[in-house]
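*Asks:* Take a look at this one; I'll ask things after.
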């Protein structure tokens with residue numbers, strides 16, 4: 001059996017990024033290296049982690065497309081599911097996130113909004129899909 005275990009975002013400042021996610025979403029830090037070049041958040045079964053560009057370069061041979069707030073978003077998003085989209089968006093934006101698209105009710109009943117984190121990564125904030 002295979003399962004998704006980690007999602008790692010490469011960033012310029014790991015400790016600043018972890019601090020943002022702790023404040024913006026209330027996600028507790030699970031682990032950080034003594035060097036501060038890799039850290040994980042306690043996000044449930046799949047871990048959201050951050051690594052420095054330098055650490056990434058030591059692991060792979062190719063370079064990275066750096067996500068920044070002033071460029072187009074990368075073709076990937078991270079989704080946070082909550083019962084209160086508006087409150088979560090407000091908390092995220094008051095801690096440095098930038099609103100991309102305000103909360104909108106989708107035809108299937110889900111409420112969805114989009115923000116960008118301090119590194120420019122796209123984050124979807126939504127209610128659970130009702131079965």
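*Asks:* Just to be sure, is residue 9 closer than 14 Å to residue 123 by Cα and not assigned by TED's automatic domain parsing to the domain that holds residue 126?
*Replies:* Yes, satisfied.
*Asks:* Looking at residue 49, is it in contact with a strand residue (DSSP E or B) (Cβ under 7 Å, 6 or more places away or on another chain), loosely packed, with under 14 Cβ neighbours inside 10 Å and either assigned by TED's automatic domain parsing to the domain that holds residue 4 or within 27 Å of residue 3 (Cβ to Cβ) (or both)?
*Replies:* No: the conditions fail for residue 49.
*Asks:* Still on this structure, I have one more. Could you list all residues from region 1-52 that are under 13 Å from the mean Cα position of the chain (by Cα), free of Cβ contacts under 8 Å to residues at least 40 places away in the same chain and assigned to a helix (DSSP H, G or I)?
*Replies:* Within region 1-52, 14, 18, 19, 22 meet the criteria.
*Asks:* Looking at region 53-99, which of its residues are touching a residue at least 24 places away in the same chain (Cβ under 8 Å), more than 22 Å from residue 15 (Cβ to Cβ) and assigned to a helix (DSSP H, G or I)?
*Replies:* Those that are touching a residue at least 24 places away in the same chain (Cβ under 8 Å), more than 22 Å from residue 15 (Cβ to Cβ) and assigned to a helix (DSSP H, G or I): 85, 86, 88, 89.
*Asks:* Now for a separate question. Would you mind telling me which numbered condition in (1) more than 15 Å from residue 124 (Cβ to Cβ); (2) at pLDDT below 95; (3) exposed (fewer than 10 other Cβ atoms within 10 Å of the Cβ) residue 34 fails?
*Replies:* Of everything listed in (1) more than 15 Å from residue 124 (Cβ to Cβ); (2) at pLDDT below 95; (3) exposed (fewer than 10 other Cβ atoms within 10 Å of the Cβ), residue 34 misses just condition (2).
*Asks:* Follow-up question, since we're still on this one. Report, by residue number, each residue of region 105-122 that is under 14 Å from residue 23 (Cβ atoms) and either assigned to a strand (DSSP E or B) or in the same structural domain as residue 17 (by TED's automatic domain parsing) (or both).
*Replies:* 115, the sole residue that qualifies.
*Asks:* For the list (1) assigned to a strand (DSSP E or B); (2) surrounded by 13 or more Cβ atoms within 10 Å (Cβ to Cβ); (3) free of Cβ contacts under 8 Å to residues at least 60 places away in the same chain, I need the number of the one condition that residue 102 fails.
*Replies:* Looking at each condition in turn, residue 102 falls short on (2).
The values are calculated or read from the model by the stated rules, or taken from the named source; none is laboratory data. Keep in mind that what you see is a predicted model, and the values were worked out from it rather than measured. A quick note on method: Cβ atoms are made from the backbone with ideal geometry, for glycine too, and the neighbour counts reach across all protein chains shown.
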